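Engineer: Take a look at this one; I'll ask things after.
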Amino acid sequence: MKQTLVMATHNAGKLAAMQKAFADFPFEIQSITDFTDKIPEETGTTFEENSLIKARTAFHLTGMPSVADDSGLSIDALGGAPGVYAADLATEEDGTRNYPKAFELLKHQLGEEDKTARFVGVIAYVDRDVEKLIRAETVGVVDFSSYIHLDKETFGYDPIFIPEGDTRTYAQMGAEEKATYSHRSKAINLLKVWLLERL
């Protein structure tokens, strides 16, 4: 019988990716939305803090082992910005996302500085007797030359990030190709290894 693992996300894509990754594991991944409509406010200043806030909330609401992730793009020369504020930087006053506007702001701030950046993904696991943080990174560079024809609803920061070992941005890759580099995929795999050790 599979054990329920609650994922503190309202993002259907993230949930589907986790369910697919755990298809051959003795865990059934369920969304927090199956239990509650409450959404915790992400008040942390790091990926670790925000993922723990969400996982702890899910555990306290359900009493079941819970996981949550937080991730974002960190540019070295900008002190890790936009980091946990990546979504805020792209959000207009009416709540819509305008990523090209965010790209222009980052391009202006960065100027001719080093373009090294990294996508960071952190997964928090919370259960009655343990809290675990798992961090994974994909290093690369930001490239502001290929997004100009995209509309403002484009997917996150994928259009400006080129992972080390490739010449294409995430946005120019198919889903399976991106997964070979993805910080989120790396973090999920590390979580699986850790959970196996606990079984």
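The values are calculated or read from the model by the stated rules, or taken from the named source; none is laboratory data. Here the structure is a predicted model, which is why all the values come from computation and not from measurement. No Cβ is skipped: glycine too gets one built from the backbone with ideal geometry, and neighbour counts run over all protein chains shown. Surface areas here come from the heavy atoms of the whole protein model, side chains and all, with no ligands, DNA or RNA. Shrake-Rupley method; radii C 1.70, N 1.55, O 1.52, S 1.80 Å.
Engineer: For PHE144, which of the numbered conditions (1) open to solvent by less than 80 Å² (accessible area, probe 1.4 Å); (2) closer than 30 Å to LEU61 by Cα fails to hold?
Structural biologist: If we test PHE144 against (1) open to solvent by less than 80 Å² (accessible area, probe 1.4 Å); (2) closer than 30 Å to LEU61 by Cα, just (2) comes out false.
Engineer: Identify all residues within the stretch 180-199 that are surrounded by fewer than 17 Cβ atoms within 10 Å (Cβ to Cβ) and in a helix (DSSP H, G or I); write none if there are none. Let's see the steps before the verdict.
Structural biologist: Residues of the stretch 180-199 surrounded by fewer than 17 Cβ atoms within 10 Å (Cβ to Cβ): 180, 189-190, 192-194, 196-199.
Hits for the stretch 180-199 are THR180, ASN189, LEU190, LYS192, VAL193, TRP194, LEU196, GLU197, ARG198.
Engineer: In the stretch 1-35, which residues are out of contact with any Pro (no Cβ under 7 Å at 6 or more places or on another chain), closer than 18 Å to ASP127 by Cα and among the polar types (S, T, N, Q)?
Structural biologist: Residues satisfying the conditions are THR4, THR9, GLN30, SER31.
Engineer: Among the residues of the stretch 31-79, count how many are assigned to a loop (DSSP other than H, G, I, E, B) and surrounded by fewer than 18 Cβ atoms within 10 Å (Cβ to Cβ).
Structural biologist: So the first thing to find is which residues in the stretch 31-79 are assigned to a loop (DSSP other than H, G, I, E, B), and the list is 35-46, 63-65, 79.
Applying the additional criterion that residues be surrounded by fewer than 18 Cβ atoms within 10 Å (Cβ to Cβ) yields 35-46, 63-64, 79.
Within the stretch 31-79, residues that are assigned to a loop (DSSP other than H, G, I, E, B) and surrounded by fewer than 18 Cβ atoms within 10 Å (Cβ to Cβ) number 15.
Engineer: Criterion first (of a type outside the set (D, E, K, R), in contact (Cβ under 8 Å) with a residue 40 or more places away in the chain and touching a Leu at 6+ places or on another chain (Cβ under 7 Å)) does MET18 satisfy it? Steps first, please.
Structural biologist: Numbers: of a type outside the set (D, E, K, R): yes; in contact (Cβ under 8 Å) with a residue 40 or more places away in the chain: yes; touching a Leu at 6+ places or on another chain (Cβ under 7 Å): no.
No: the conditions fail for MET18.
Engineer: Go through (1) of a type in the set (A, V, I, L, M, F, W, C); (2) modelled with pLDDT under 95; (3) open to solvent by 20 Å² or more (accessible area, probe 1.4 Å) and name the single condition PHE22 misses.
Structural biologist: (3)
Engineer: Output the number of residues of the stretch 147-179 satisfying the condition of being open to solvent by 60 Å² or more (accessible area, probe 1.4 Å), farther than 23 Å from ALA81 by Cβ and modelled with pLDDT of 85 or more.
Structural biologist: Here the count works out to 6.
Engineer: Can you tell me which condition ALA102 does not meet? The list is (1) touching a Ser or Thr at 6+ places or on another chain (Cβ under 7 Å); (2) small (Gly, Ala, Ser); (3) assigned to a helix (DSSP H, G or I), and all the others hold.
Structural biologist: (1) is the only condition that ALA102 fails.
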